[in-house]
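Shown next, in structure tokens, is the structure this report addresses.
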Amino acid sequence: MSTVSIREVAPRDGLQNEDPVPADAKVRLIDALSETGVRRIEAVSFVHPRAIPQMADADEVWSRVHRHPDVRYSALIPNTRGAQRAIAAGFREIEVVVSASDTHNRRNLKRSTEESLDDIAQLIPLVHDAGATLEVIVATSFGCPYEGDIDPDRVAGIVARVRADGADRIAFGDTTGMGTPRRVRDLLSAVRPDLLHFHNTRGTGLANILTALELGITEFDASAGGLGGCPYAPGASGNVATEEVVHMLHDMGVDTGIDLDRLIEAAELAEKIVGRPLPSGVLRAGPRTRTV
């Protein structure tokens with residue numbers, strides 16, 4: 001393939017696993033990422049502040065973002081109440097998460113996978129009536145820290161149900177970084193998503209993306225600097241770093257539309273915001289990686 005689409009998730013997925021940072025810093029990060037050439041940004045999450053206090057200022061952040069005309073911004077929600085807040089804030093691309101692992105779903109959303117699916121079925125008409133689209137992210141698709149391996153047929157069953165209920169898009173999340181090229185092939189042989197979200201917890205993120213590319217997937221999530229993780233999945237730190245993905249793809253002759261220099265600058269800003277070194281190999285290697 002000649003082009004790949006990347007959704008930048010550092011402002012939401014990245015910062016939700018850090019100590020809370022000021023709204024001003026979040027706005028600066030979103031605005032910086034908006035100038036990199038990335039065309040999709042997951043900006044905020046409308047979740048109860050007791051569950052994810054890092055996202056308590058979602059409305060304020062979104063009201064202050066300088067919205068780039070060429071960027072599509074989305075919000076993550078956990079339930080119908082979150083959907084109502086996202087719609088009221090003006091979002092027209094909304095994501096909802098459900099875990100393939102029932103145990104993880106209970107830890108993350110305080111209810112069973114089946115209960116989440118029932119809620120998703122009810123909120124799809126709400127989202128569509130508002131002129132918005134809904135993407136269902138199936139978390140722990142490649143493995144669960146509590147239950148271990150996840151049967152691809154279970155993921156396929158969840159996908160079949162939400163598609164029948166009217167979901168617009170499907171994404172698979174490697175919530176715990178358990179994904180490997182073998183697991184990617186096994187799952188995508190059973191069911192195919194629109195987008196994949198890999199963590200690099202065990203160092204397999206880029207290998208998983210390359211495998212998925214070979215299988216025809218061209219949409220991926222990534223996070224500037226490798227920020228991210230899941231508060232309800234032990235050891236799940238570290239989304240695949242956007243600048244590492246872009247560096248690899250550009251070297252392969254695959255266009256992302258992203259300016260790597262500007263992306264590195266945004267990742268450096270993310271590093272300053274959280275006040276610690278981020279795991280990105282591109283950031284550690286320094287400016288010489290900017291030309292490949």
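The values are calculated or read from the model by the stated rules, or taken from the named source; none is laboratory data. These numbers were taken from a predicted model, which means no experiment stands behind them. Please note: Cβ atoms are built from the backbone with ideal geometry, for glycine as well, and neighbour counts cover all protein chains shown. Ligands, DNA and RNA are stripped out before the accessible areas are found, and what is left, the full protein with its side chains, is counted by its heavy atoms. Shrake-Rupley method; radii C 1.70, N 1.55, O 1.52, S 1.80 Å.
Miscellaneous remarks
- Here ALA121 clears all of (1) surrounded by 24 or more Cβ atoms within 10 Å (Cβ to Cβ); (2) assigned to a helix (DSSP H, G or I) except the condition numbered (1).
- Residues of the range 208-226 classified as among the acidic types (Asp, Glu) and more than 12 Å from the chain's Cα centre (by Cα), total: 1
So that you can scan it fast, the table gives a plain yes or no per residue for (1) touching a helix residue (DSSP H, G or I) at 6+ places or on another chain (Cβ under 8 Å); (2) of a type in the set (Asp, Glu); (3) in contact (Cβ under 8 Å) with a residue 12 or more places away in the chain; (4) surrounded by fewer than 23 Cβ atoms within 10 Å (Cβ to Cβ):
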{"position": "GLY173", "(1), (2), (3), (4)": "no, no, yes, no"}
{"position": "LEU187", "(1), (2), (3), (4)": "yes, no, yes, no"}
{"position": "VAL191", "(1), (2), (3), (4)": "yes, no, yes, yes"}
{"position": "GLY205", "(1), (2), (3), (4)": "yes, no, yes, no"}
{"position": "THR211", "(1), (2), (3), (4)": "yes, no, yes, yes"}
{"position": "LEU215", "(1), (2), (3), (4)": "yes, no, yes, yes"}
{"position": "SER223", "(1), (2), (3), (4)": "yes, no, yes, no"}
{"position": "LEU227", "(1), (2), (3), (4)": "yes, no, yes, no"}
{"position": "ASN239", "(1), (2), (3), (4)": "yes, no, yes, no"}
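- A single entry from PHE220, PHE142 fulfils the requirement of being aromatic (Phe, Trp, Tyr) and in a loop (DSSP other than H, G, I, E, B): PHE142.
- Flag if GLU42 is open to solvent by 20 Å² or more (accessible area, probe 1.4 Å) and either among the β-branched types (Val, Ile, Thr) or within 20 Å of GLN84 (Cβ to Cβ) (or both): no
- If the condition is being assigned to a helix (DSSP H, G or I) and within 18 Å of the chain's Cα centre (by Cα), then the range 157-181 contributes only VAL159.
- When the range 227-246 is filtered for residues that are at pLDDT below 95 and either closer than 11 Å to LEU278 by Cβ or among the hydroxyl-bearing types (Ser, Thr, Tyr) (or both), the ones remaining, listed by number, are LEU227, GLY228, TYR232, SER237, GLY238, ASN239.
- Test result for ARG154, at pLDDT 95 or above, open to solvent by 40 Å² or more (accessible area, probe 1.4 Å), assigned to a helix (DSSP H, G or I) and closer than 16 Å to GLY173 by Cβ: yes
- Exactly one residue among ASP59, ASP70, ASP19, ASP31 is open to solvent by less than 40 Å² (accessible area, probe 1.4 Å) and charged (D, E, K, R), and that residue is ASP31.
- Only listed residue being modelled with pLDDT of 95 or more and within 16 Å of the chain's Cα centre (by Cα), chosen from GLU93, GLU35, GLU115: GLU93
- The listed residues are GLN84, GLN54, and the only one of them that is under 23 Å from HIS128 (Cα atoms) and either open to solvent by 50 Å² or more (accessible area, probe 1.4 Å) or in contact with a Leu (Cβ under 7 Å, 6 or more places away or on another chain) (or both) turns out to be GLN84.
- The number of residues in the range 133-147 being on the phi > 0 side of the Ramachandran plot and open to solvent by 60 Å² or more (accessible area, probe 1.4 Å) comes to 0.
- Residue among GLY225, GLY157, GLY173 that is on the phi > 0 side of the Ramachandran plot and not aromatic (Phe, Trp, Tyr): GLY225
- Residue match in the range 182-198 (condition: part of a helix (DSSP H, G or I) and among the polar types (S, T, N, Q)): yes
- Matching residues in the range 193-203 - criterion: being surrounded by fewer than 17 Cβ atoms within 10 Å (Cβ to Cβ), of a type outside the set (Asp, Glu) and touching a residue at least 24 places away in the same chain (Cβ under 8 Å): ARG202
- Residues in the range 185-207 that are of a type in the set (A, V, I, L, M) and under 17 Å from the mean Cα position of the chain (by Cα): LEU195, LEU196, LEU206.
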